[in-house]
Structure formats: structure tokens, C-alpha cells
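Asks: Take a look at this one; I'll ask things after.
The values are calculated or read from the model by the stated rules, or taken from the named source; none is laboratory data. Since we're looking at a predicted model, the values are computed, not measured. Positions of Cβ are generated from backbone atoms using ideal geometry, with glycine treated the same way; all protein chains shown enter the neighbour counts. Just so you know, the surface numbers come from the protein's heavy atoms only, side chains and all, with ligands and any DNA or RNA stripped out. Shrake-Rupley method; radii C 1.70, N 1.55, O 1.52, S 1.80 Å.
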Amino acid sequence: LRAAGDPTATPPLRIMILLDTSASQVAAVQRQSLEAIDGLLGAIRSVDQVLLASVDIGVTPFMDRFASVGDAAVAAAQARLARRTPLGTTDLLGGLQAAAETLAATAAPAAIVYVGDGPGISGVAPDGFAATLTSLRQQRISFSAVGIGKQVNWPCLSALAAGTGGDVLLPGTSASLSPQTAGESLGRKVAAPVLWPDDDSLTITSGQADVSVNLLPFQLPPLRHDRESVVLFLGPLQPATIT
């Protein structure tokens, strides 16, 4: 499935940028993450506003308000993030819930961009993941990430992005995708329109009577103009019409 029609400009967006400052983000990894932040901020639109924060065992905002990328508060927050010592573990789900609460202060369009390696190798609890994903979808907050680290939990980051209309980029997967380039690319993509279909947005008709169809994922994913989203249907759909 893909969003139809011509993409229109997204209204001014509030973007919560979460930089992972857990113990795994040290030395070269920390430098690469800061480079990704530089690229991200350089590509975000002037009409959008950002708030920089760190995330490890909790979320620590480094700004007291959302501001445009040219604001002195953004540069000051970058400098403070660069001086922060990486410690602890990453509570990604808790960080996303805290970010969503901050973004819920107004009804303006919102997005979360995370830079880091995601939760540890043990992953996250399924119930917590499902609750976080539901919360982001209900508030129509997209999640995107630049995956940086020695062991990036890309399945978790990708699942969150796919379920909320965001994107994930992994620097180093190609010679041309440096951390800064990945940040720049994501900075342009984060403002792309996201369509949020409900359960009545898709109609399936079959030539067979009393058809029961299963859907995977169980909800239609958010749709974008710049990519396709894969949805699986299981049932007697020969012949069938999907609109």
C-alpha cells in the first residue's frame, strides 16, 4: 500500500530529538551520534521547531521550550549534549512515553527522532512495546531513528518506525551513508506527509460468500508517498477486489 495523490506540505512540525547517552554510546560511537545530530538539524525546515534531549535510564531535556533550528537555545543544547558522559542503560520505551507526553502539550503535528543503538540485546517486553506503539499512533506521532552503535537493535527501531510512519537509517550500510548524511536524509524525510488510515479505509470484496480475512499487521499501518507498506491478507480471496 502507498499513499495516493500529490504530497502536500506538512504544517509546521514539533520534533523531539532524543540522543542516546547510555554507556554503549562512548568514544567514536558518541562522535558519530553527534555528527548525525548535526546533519539532522542542518536539514530540518526553518518552520519546524525542535527540542533536544538525552535518553538513557530516563529522559533529560536540554531545552526548556521548542525552538527553530537557528535559535541559540538549540546550539547551547548541542554543546551540553556533547559534554554529557554516557552512562547507564537505554529505557527506550520509557523515553518515548516521556517524549509523547511532552509533545502532547499542544495539538500541532509532532515527530520523534532517536539517535542511538536502541534497547539492549534483551530487547523490550511485548506488552510495553504494544502499549507504546498504540500511544504514538493515537497521538499521530511518527518515530524515526538513525541507528548508531556497535550492536544496533534495528528490528525494534524498524518496527516502531513502520508502525508510526517513520523511517530508520543505518550509517555504514553503504559507503555513501555517513552518520551526517544519514541525519541530513532523515531531517528531510521527517516532515514528509503521513496518512493515518482507520479500519474503514480499506474495503475487501470477494467472489466467495461468507469470507473471513485475517490481516497482518492487525491494524493498517500509516502510509507515505515515498514508500510502500506491506500488508498480508489470509483468506479465500480468489477472486477479490481491494480498494
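Asks: I'd like to know if the stretch 135-147 contains one or more residues that are under 14 Å from Pro221 (Cβ atoms) and either open to solvent by 30 Å² or more (accessible area, probe 1.4 Å) or touching a Lys or Arg at 6+ places or on another chain (Cβ under 7 Å) (or both).
Replies: Yes - at least one qualifying residue is present in the stretch 135-147.
Asks: Turning to a different aspect of this structure: Looking only at the stretch 220-242, filter to residues that are open to solvent by 80 Å² or more (accessible area, probe 1.4 Å) and in contact with a Gly (Cβ under 8 Å, 6 or more places away or on another chain); which one of those is modelled with the highest pLDDT?
Replies: Looking at residues that are open to solvent by 80 Å² or more (accessible area, probe 1.4 Å) and in contact with a Gly (Cβ under 8 Å, 6 or more places away or on another chain), I get Gln238.
Asks: Follow-up. Residues that are open to solvent by 50 Å² or more (accessible area, probe 1.4 Å): list the strands (runs of 3 or more DSSP E) wholly contained in the stretch 1-65 that include at least 1 such residues.
Replies: By residue number, 49-55, 59-61.
Asks: Might you check whether a residue that is in contact with a Gly (Cβ under 9 Å, 6 or more places away or on another chain), in a loop (DSSP other than H, G, I, E, B) and surrounded by fewer than 16 Cβ atoms within 10 Å (Cβ to Cβ) occurs anywhere in the stretch 68-75?
Replies: Within the stretch 68-75, not a single residue is in contact with a Gly (Cβ under 9 Å, 6 or more places away or on another chain), in a loop (DSSP other than H, G, I, E, B) and surrounded by fewer than 16 Cβ atoms within 10 Å (Cβ to Cβ).
Asks: Against the definition (over 23 Å from Asp226 (Cβ atoms) and either surrounded by fewer than 23 Cβ atoms within 10 Å (Cβ to Cβ) or of a type in the set (Gly, Ala, Ser) (or both)), how does Ala105 come out, yes or no?
Replies: yes
Asks: Among the residues of the stretch 81-93, write down those that are open to solvent by 30 Å² or more (accessible area, probe 1.4 Å) and not in a loop (DSSP other than H, G, I, E, B).
Replies: Ala82, Arg83
Asks: Follow-up. Could you check the stretch 106-132 and list, in sequence order, the residues that are in contact with a strand residue (DSSP E or B) (Cβ under 9 Å, 6 or more places away or on another chain) and hydrophobic (A, V, I, L, M, F, W, C)?
Replies: Ala108, Ala110, Ala111, Ile112, Val113, Val115
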